[in-house]
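Colleague: Here it is, the structure in full.
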Amino acid sequence: MEQMENEKYFKSGPVWKSIFVMAVPSVVIILVMIFYNLADMFFIAMLNDTAQVAAISLVGPVFSILAAVATMVGNGGCTTIANAFGAKDLEEGKIYSSVSIWFTCLCGVVVTVILLVAANPVLAFLGTPEDSWIPAKEYYNVLIAGSTFILLGNTLAMLVRAEGAMKESLVSNLMGTVINLVLDPLFILVFRMGAAGAAMATVLGNVAATVYLAIYILRKGNIVTLDIRYAMKKPKALLRVLAIGLPNGIGSILSGFASTFSNQLLASYGTNAIAAMAAAGKGTMINDFLVMAVCMGCQPLLSYSYGAKDFARLKEIIKKLLILLFGTGFSVMVLCLVFRQGLIGMFLKEAVVAELGVQMLTILMLTSPLIGIGYLVTSYLQATNRPTRAIVLSVLRQGALLIPSLYVMNFLFGIHGIMWAYVVSTVLATAVALVLYFTQKRKEKEVLTA
């Protein structure tokens, strides 16, 4: 089968070519996701209503939590399946895929019920000001109603990559994105649904992607399966999936909370400050998503090499990924700084708000070349079955360092302190990542020479 033929990229193909084959589909998927994420705010901005722009940013952390669950299960499932694939244990791989899929379904139902019932308290916690309350709640309700499909669409796309189904993963995301892009202007501008229209387009895009991947798995799936009987054979396998995927999940969850706390602090400076940060955050989102896409796309390579005990190849993959990630971060930083006026102008039409957005973007982009290091070390720790250390790194990078920095820097320097808090926490997190990586490498060397 085609998926099995792709094993050569895991096992013995030239490292740069293998990285290219594994990373490009993931990067394309992320680029498309970035495009429609930007499109949501772009079409909302055409309404000339800053409160609507702010509404998307305010509810953004909820979407981050949904993405966190999908990332946690999808990446954990992808890694464990790839490990089993490398060890030639296809039965175990099917068990991991089944528990991942059915746990995602359960989470979708639970999340939908709880978050719809708790809509008002959640919006209040997110720091939603009065002038953004109505559009924020409309956006929130539609997004949560479709959360099961958002979770499944993203989880399935990651799982099928573990068996080499890059094309199917790419097609599903392209399909969902095209639908989103077509429906965005229709719902937002023609039907005048505003932020709720953006959420509706997102949900319907994910419904299409989920259906497409489910059909693929039923017809052509080799390791990934929807058969619940495999999950019932070994339900405890879910614990390993969650343990491996938890670092990514925690990172996304804490990132969402950090955005919430940031918005709460920015709310004291007015809705314009929230909207400005929302626009500036698109620049950092581009970089974060790209380096995350490379790491997640190449996660099966790392996991397979470790599962096959090919440590020389594992080392070479890491070295070349580091070069690629640093170069990507540096390139995005330069492009965003050169075109910062145009980028911010896409989303903010008021001159005063746009100027603040440009200031925020300039500061936030300074540490872009360093972001990939944290993601790479996290992927390495996951692939080498060091989930606890990966969790520690994710907690530090997205929460334990960033959230306190936001409050301390705001207290000391006001709104500019909030901007610089992201820089300070990124530098500190990168230093911790390097310490964890070299410590782990030294221990592995001691084991091999013992």
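Colleague: Out of all the residues in region 422-439, is one or more touching a helix residue (DSSP H, G or I) at 6+ places or on another chain (Cβ under 6 Å), within 16 Å of K315 (Cα to Cα), surrounded by 18 or more Cβ atoms within 10 Å (Cβ to Cβ) and not β-branched (V, I, T)? Explain how you work it out, then say what you get.
Modeller: Initial filter on region 422-439 (touching a helix residue (DSSP H, G or I) at 6+ places or on another chain (Cβ under 6 Å)): 422-426, 429-430, 432-433, 436-437.
Of the ones still in play, those that are also within 16 Å of K315 (Cα to Cα) are 436-437.
Then keep just the ones that are surrounded by 18 or more Cβ atoms within 10 Å (Cβ to Cβ); that gives 436-437.
Subset that is not β-branched (V, I, T): 436-437.
For region 422-439, residues touching a helix residue (DSSP H, G or I) at 6+ places or on another chain (Cβ under 6 Å), within 16 Å of K315 (Cα to Cα), surrounded by 18 or more Cβ atoms within 10 Å (Cβ to Cβ) and not β-branched (V, I, T): present.
Colleague: Looking only at region 320-374, filter to residues that are basic (K, R) and within 26 Å of A275 (Cα to Cα); which one of those is surrounded by the most Cβ atoms within 10 Å (Cβ to Cβ)? Outline the logic, then answer.
Modeller: At the first step, the residues of region 320-374 found to be basic (K, R) are 320, 340, 349.
Now restrict to residues that are within 26 Å of A275 (Cα to Cα): 340, 349.
On the way: R340: 19, K349: 15.
Out of the qualifying residues, it is R340.
Colleague: Please tell me if V377 is β-branched (V, I, T), crowded, with 16+ Cβ neighbours inside 10 Å, out of contact with any Gly (no Cβ under 9 Å at 6 or more places or on another chain) and part of a helix (DSSP H, G or I). Quick ask: steps written out before the conclusion?
Modeller: Numbers: β-branched (V, I, T): yes; crowded, with 16+ Cβ neighbours inside 10 Å: yes; out of contact with any Gly (no Cβ under 9 Å at 6 or more places or on another chain): yes; part of a helix (DSSP H, G or I): yes.
Yes; evaluated as a whole, the condition is true for this residue.
Colleague: Determine whether region 407-417 contains at least one residue that is crowded, with 21+ Cβ neighbours inside 10 Å, in contact with a Ser or Thr (Cβ under 8 Å, 6 or more places away or on another chain) and either in contact (Cβ under 8 Å) with a residue 40 or more places away in the chain or under 20 Å from S268 (Cβ atoms) (or both). Lay out the reasoning, then the answer.
Modeller: Step one: of region 407-417, the residues crowded, with 21+ Cβ neighbours inside 10 Å are 409-410.
So of that shortlist, the ones also in contact with a Ser or Thr (Cβ under 8 Å, 6 or more places away or on another chain) come out as none.
No, every residue in region 407-417 fails to be crowded, with 21+ Cβ neighbours inside 10 Å, in contact with a Ser or Thr (Cβ under 8 Å, 6 or more places away or on another chain) and either in contact (Cβ under 8 Å) with a residue 40 or more places away in the chain or under 20 Å from S268 (Cβ atoms) (or both).
Colleague: Got at least one residue in region 112-123 being within 18 Å of the chain's Cα centre (by Cα) and assigned to a helix (DSSP H, G or I)? Show your work before the answer.
Modeller: Keep residues of region 112-123 that are within 18 Å of the chain's Cα centre (by Cα), which gives none.
Checked against the condition, which is being within 18 Å of the chain's Cα centre (by Cα) and assigned to a helix (DSSP H, G or I), region 112-123 yields no hits at all.
Colleague: Can you pull out every residue in region 148-180 that is within 21 Å of V24 (Cβ to Cβ), surrounded by fewer than 21 Cβ atoms within 10 Å (Cβ to Cβ) and among the hydrophobic types (A, V, I, L, M, F, W, C)?
Modeller: L170, V171, L174, M175, V178
Colleague: Quick one: is N410 under 23 Å from I253 (Cα atoms) and not in a helix (DSSP H, G or I)?
Modeller: On the way: under 23 Å from I253 (Cα atoms): yes; not in a helix (DSSP H, G or I): no.
No: the conditions fail for N410.
Colleague: Could you please let me know if G194 is closer than 30 Å to A51 by Cβ, at pLDDT below 90 and of a type in the set (G, A, S)? Reasoning before the result, please.
Modeller: Numbers: closer than 30 Å to A51 by Cβ: yes; at pLDDT below 90: yes; of a type in the set (G, A, S): yes.
Yes: the conditions hold for G194.
Colleague: Continuing with the same structure: Which of the residues spanning region 137-151 are under 17 Å from L66 (Cα atoms), part of a helix (DSSP H, G or I) and touching a residue at least 60 places away in the same chain (Cβ under 8 Å)?
Modeller: Across region 137-151, the qualifying residues are Y139, Y140, V142, L143, I144, S147, F149, I150, L151.
Colleague: Just checking, which of G372, G357 is modelled with pLDDT of 85 or more, under 21 Å from the mean Cα position of the chain (by Cα) and small (G, A, S)?
Modeller: Working: G357 fails: under 21 Å from the mean Cα position of the chain (by Cα).
Selected residue: G372, the only one of G372, G357 that is modelled with pLDDT of 85 or more, under 21 Å from the mean Cα position of the chain (by Cα) and small (G, A, S).
Colleague: May I pose another question? Would you confirm whether any residue within region 118-125 is under 30 Å from T80 (Cα atoms) and crowded, with 20+ Cβ neighbours inside 10 Å? Spell out the reasoning first.
Modeller: Initially, region 118-125 is screened for residues under 30 Å from T80 (Cα atoms), giving none.
No, region 118-125 contains no residue that is under 30 Å from T80 (Cα atoms) and crowded, with 20+ Cβ neighbours inside 10 Å.
Colleague: For region 330-346, state whether one or more residues are farther than 20 Å from A429 by Cβ, in contact (Cβ under 8 Å) with a residue 24 or more places away in the chain and outside any helix (DSSP H, G or I). Step through it out loud before you land on a result.
Modeller: Step one: list which residues in region 330-346 are farther than 20 Å from A429 by Cβ, which gives 331, 334-346.
Pick out the ones that are also in contact (Cβ under 8 Å) with a residue 24 or more places away in the chain and you get 336-337, 340, 343-344, 346.
From what's left, outside any helix (DSSP H, G or I): 346.
For region 330-346, residues farther than 20 Å from A429 by Cβ, in contact (Cβ under 8 Å) with a residue 24 or more places away in the chain and outside any helix (DSSP H, G or I): present.
Colleague: Answer yes if at least one residue in region 226-240 is surrounded by fewer than 22 Cβ atoms within 10 Å (Cβ to Cβ), charged (D, E, K, R), out of contact with any Gly (no Cβ under 8 Å at 6 or more places or on another chain) and closer than 21 Å to V59 by Cβ, and no otherwise.
Modeller: Within region 226-240 (the criterion being surrounded by fewer than 22 Cβ atoms within 10 Å (Cβ to Cβ), charged (D, E, K, R), out of contact with any Gly (no Cβ under 8 Å at 6 or more places or on another chain) and closer than 21 Å to V59 by Cβ), the answer is no, since none of the residues qualifies.
Colleague: Continuing with this model, one more query. Taking only region 197-223 into account, find how many residues are crowded, with 18+ Cβ neighbours inside 10 Å, part of a helix (DSSP H, G or I) and not aliphatic (A, V, I, L, M).
Modeller: Summing the residues that are crowded, with 18+ Cβ neighbours inside 10 Å, part of a helix (DSSP H, G or I) and not aliphatic (A, V, I, L, M) in region 197-223 gives 7.
The values are calculated or read from the model by the stated rules, or taken from the named source; none is laboratory data. It should be emphasised that the depicted structure is a prediction, and the values quoted were computed from it without experimental measurement. So basically every Cβ, Gly included, is an ideal-geometry build from the backbone, and we count neighbours across all protein chains shown.
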